[in-house]
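This report refers to the structure that appears directly beneath it.
The values are calculated or read from the model by the stated rules, or taken from the named source; none is laboratory data. All figures in this text were calculated on a predicted structure; none of them were measured in a lab. Positions of Cβ are generated from backbone atoms using ideal geometry, with glycine treated the same way; all protein chains shown enter the neighbour counts.
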Amino acid sequence: MAVVQSVMVKNKEYDGVRLTIVGSQSGNQYYNYSEAWGVRNYINEITNPTASLDSVSFNAYLSFTSSGTSMWQFDLIPMSIGDTVMVESQIVGLNSDGSKGYVCNIFGGFRHSGATLSAIGSGATYTTKTDFSSASVSLGTTGTQSVTFKVAGDAGEVIDWNLHIKYTKGFHTLTFGSGGGGSWYPVPPPYEES
């Protein structure tokens, strides 16, 4: 019987990482750059000097303005075969004269089988309080490429939105093909022996 030993390495915080969040609204594409922080976890076999990324957590922030019922879509989390992600986000919106507000707490997860990118369970859970008639936030997917936030405004309102985004992404090795050991930049740091 073969004995394989693995070690989790570099459970190390990182900060100042630039997260690119691509948004679209009314046919225009917007690139939003958010400085973020988080933790990357690598795993490797003791006999193999190359570590694979096993998990990453990310905390970031996004701010934008909606006018009327326009819809914003943000492709937030790129996904590949074998990836899972758990998303926890808080969203706050305030209209231009401060007379109406919107708050929402979202919790949900997604998995990528290679053929589909699907919500885990019955989809995301939303806890929402709002003064608006139709403003809304939803968490979904764009094909099999990305987990997506969609934010809709309210008729006759200019709303300033703040999204506080936290997600934990796992890279899993699937038994039927490629996957796992995700591709992430920067590359893993070298293993340090004590």
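Summary table below
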{"quantity": "Residues of the range 126-137 that turn out to be farther than 15 Å from PHE149 by Cβ and hydroxyl-bearing (Ser, Thr, Tyr), as a count", "calculated": "4"}
{"quantity": "Subset of the range 110-153 [on the phi > 0 side of the Ramachandran plot and either of a type in the set (Lys, Arg) or under 18 Å from the mean Cα position of the chain (by Cα) (or both)]", "calculated": "GLY121, GLY123, GLY143"}
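One line per residue, one yes/no per condition, for (1) in a strand (DSSP E or B); (2) among the hydrophobic types (A, V, I, L, M, F, W, C); (3) within 19 Å of THR20 (Cβ to Cβ); (4) touching a strand residue (DSSP E or B) at 6+ places or on another chain (Cβ under 9 Å):
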| position | (1), (2), (3), (4) |
| --- | --- |
| TYR126 | yes, no, no, yes |
| LYS129 | yes, no, no, yes |
| SER133 | no, no, no, no |
| GLY140 | yes, no, no, yes |
| THR144 | no, no, no, yes |
| VAL147 | yes, yes, yes, yes |
| GLY156 | no, no, no, no |
| HIS164 | yes, no, yes, yes |
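Residue-by-condition table, conditions (1) farther than 18 Å from LEU163 by Cα; (2) at pLDDT 60 or above; (3) of a type in the set (D, E, K, R):
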| position | (1), (2), (3) |
| --- | --- |
| LYS12 | yes, no, yes |
| ASP15 | yes, no, yes |
| ILE21 | no, yes, no |
| SER24 | no, yes, no |
| GLU35 | no, yes, yes |
| ILE43 | yes, yes, no |
